[in-house]
Amino acid sequence: MALTKTDAILLKKFNWSESSRTAVFFSRNYGKIALFDKGGRSFKSKRGRILPFSSLVITYYASNKESRGYISDIDITRSLSFDKEGTLGRLAYGSAACELLHSMLGEEEPNGNLYQYFWDFLVLVDTADKRSLPALFMAFFLRTMSLLGYHPNLEFCTVCSRKLAAELQPDQDENHALEQPDCQLSAQRGGLVCSPCQSVGDHYIPIQPESLRLLRALQSASLKEAATLPIGYSQAAILLDVLERLLKHSSDLGSRLKSLEFLEKLKNSNSMG
Ligand SMILES: [Zn+2]
């Protein structure tokens, strides 16, 4: 069996027994890979631990059986602690990003750009002001969709190609806004459909002009820029709902991200401040 080495970030662990488990990584060179970790849970194990939210270098024996191989060694390059103010929120958003990638990445499809973007996102989740977390996560969600080929079209009608920017300016007065075509999103078409192009019986996802404006801003923002956008937890929940419904059509993301459900429960039971 060949010995292989790559940078990797842990996405998910499945424990099979007291001492063994499978770890699923997003690796820089090989994309998503599931590796068998025999004896890794044992206290006697001398190699580095498989820490979450960490930049790891994994060495493994590649195999063509059920799992992609066996972990031989782990080195930890950098581990993020998420211990600044708002730790639970940081953990929830970091976990949600891992969950999203676990469900969206194909097996062994390397994506160096997304790998680097994911790591940059995790570093910001560790260091940014906790009020930036919802906007950072939404920017990450949108970029991940784009880099994996689900780029939602938020500028043009996906049927008639009309540019829809002018109709949806945030500074429109209410009466004027009412005269404007009522755009909705289509998961099937992967973006906006203007009112005249909508057909009865097709399924659409309604979107408010304010949400559309924010999604457009997030779609073109770098992570640093996204961190400055004023998006609170409730606004992020609305945007997240829209994106999850868009994505349901084309990926394995069957239900809501569990890590964020946890965040919602937490917010309802006591204030996150
Ligand atoms: Zn149209």
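Couple of notes before you dig in:
- Of all residues in segment 136-154, none satisfies the criterion of being loosely packed, with under 14 Cβ neighbours inside 10 Å and within 16 Å of the ligand (Cβ to nearest atom).
- Any chance LEU133 is crowded, with 19+ Cβ neighbours inside 10 Å, more than 16 Å from the ligand (Cβ to nearest atom) and within 27 Å of CYS194 (Cβ to Cβ): no
- Residues located in segment 155-174, provided they are at pLDDT 90 or above, closer than 22 Å to ARG143 by Cβ and within 11 Å of the ligand (Cβ to nearest atom): PHE156, THR158
- Of the residues SER211, SER195, the single one that is surrounded by 12 or more Cβ atoms within 10 Å (Cβ to Cβ), within 15 Å of the ligand (Cβ to nearest atom) and at pLDDT below 95 is SER195.
- Residue check, ALA177 modelled with pLDDT of 95 or more, in the same structural domain as GLN116 (by TED's automatic domain parsing) and away from the ligand (no atom under 12 Å from the Cβ): no
The values are calculated or read from the model by the stated rules, or taken from the named source; none is laboratory data. Bear in mind that the values here come from a model prediction, so they are computed numbers and not experimental data. All Cβ positions, glycine included, derive from the backbone under ideal geometry; neighbour counts span all protein chains shown.
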